[in-house]
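Notes follow once the structure below has been shown.
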Amino acid sequence: MLGVAPVCFSLGMRHYEPGRLCAAMAATQHGLITRAQAVAAGVTPRSIDGRVRSGQWRIVLPRIYGAEEAPRTFEQDLMAATLWAGEDSAGSHRSAAAMLRLAGIPRRTLEISTPRKLRANNITVHRTRENLRSCSTEAQGIPVTTAARTLVDLGAVVSPETLEIALDDGLRRRLCSVSDLEIQIEILSAKGRAGPRSLRPMLLVRREAGVALESPLPRLLRLMLRAKLPMPVPQYPIIANGELHARADFAYPSARIAIEADGNRYHFTQADRDNDRYRSNRAHRRRVDPLSRHLGRFRQTPRESHGRNPGVAAPPLGGLRAADVILGPGNHP
């Protein structure tokens, strides 16, 4: 937390009066100031109450004030919650995930973790006994839990599908590593938390499959294994005429089936889309039928047979947009 400022201080040759000092402090806290900070800056309790009555300041939370001209935002609300909770507190769970911009988590839910027993409307308070300083960081000046701690905590408050989307985004952007997550899981498992139980099997799949962080397909792999389909080969090189033609996210080489992400999140430029069409056209020229499915139809674990390979079950296609067969005869080592 930010320290409490003295009654008056000088910056160069300039001396700040209490009102200007409070304004400068609020500017670093998304337009907020605590009662203790205002008093330490030289504003009397009576003057604080007068500013509230006149509308110059508004009460955001008990003993937390916001300048009337400061726009109310999610960031301001979360900063207010952490200031209200006091030292060793931080935005956590969905709030921390939103501040870290983890995919699939909207800026909507206010959640904090604190060692204190607190309650307030519209704020979810998670009481924690451990010191959060070792697993906290800052996002836009707001104390929040680290990406690793946040992802473990998310396991207790979001669906498995949402957790996997956030997990893959955090790993892909290298906000944390699988090892970082495993350390947090071990720490919190000893405390009986629910989050580690949700995240542990997802990490096992990613370690065993060795799936590249750029790919969103670990979620698909997990659904495949749940459907008791055979383990596909991840990051499969496709060789044509002695040259590397492509690298499929997953492949069943014996069945000449490859599965690759084809969504706007990972193929959003015109060059990406042109390349996808080029590869699809090559597959057609090699007399390979495309296996393309809209993934909204495969949210459970269906098994569909491919036309050219009736003995091969099409994988459950979870949260991606489409999959294509891009392997033809002789196109693999």
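None of the figures in this text is laboratory data; all of them are computed from the coordinates on show. Since this is a predicted model, take the numbers as computed values, not measurements. Note that we place each Cβ from the backbone using ideal geometry, even for glycine, and neighbour counts take in every protein chain shown.
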- Query: About its Cα centre, what dipole magnitude does region 74-207 give when the only charges are +1 on Lys and Arg Cβ and -1 on Asp and Glu Cβ, stated in debye to the nearest 20?
  - Reply: 260
- Task: State, to one decimal in nm, how far the label point of N121 lies from the label point of A103, with both points 7 Å from Cα in the Cβ direction.
- Result: 3.8
- Message: Once each part is reduced to its C-alpha centroid, what is the distance from region 163-210 to region 43-105 in angstrom?
- Response: 31
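Of the DSSP beta bridges with both residues in region 74-207, give the percent that are antiparallel, rounding to the nearest 5. Walk me through the numbers before you get to the answer.
Details: 7 of 12 bridges.
For region 74-207, the DSSP antiparallel bridge percentage is about 60.
Tell me, H93, H30, H126 in order of fewest to most beta-carbon neighbours within 10 Å?
Working: H93 27, H30 23, H126 14.
So the ranking, lowest neighbour count to highest, is H126, H30, H93.
Working out 0.36 nm times the residue gap between R129 and K228, then minus their Cα-Cα distance, what length gain in nm do you get to one decimal?
Working: separation 99, 0.36 × 99 = 35.64 nm, distance 4.09 nm.
Full extension of this stretch gives 31.5 nm more.
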- For S177, S89, S254, what ranking results if the residue with the fewest other Cβ atoms within 10 Å of its Cβ goes first? S254, S177, S89
- Amide H contacts under 5 Å for F250, restricted to residues at least 5 apart in sequence or on another chain and with H modeled in the peptide plane, are Q235, Y236, I259
- Item | For A90, distant residues with modelled amide H under 5 Å away | S113
- Task: Find how much the distance from R58 to T73 grows on full extension, using 0.36 nm per residue of separation minus their present alpha carbon separation; answer in nm with one decimal.
- Result: 4.0 nm
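Ranked by Cβ crowding within 10 angstrom, fewest neighbours first, how are V39, V157 ordered? Can you show the working numbers first?
Working: V39 16, V157 19.
Least crowded to most crowded, the residues run V39, V157.
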- Enumerate the amide H contacts of T124 below 5 Å, restricted to partners 5 or more residues apart or on another chain; note that Pro and chain-start residues carry no placed amide H. L110, E111, I112
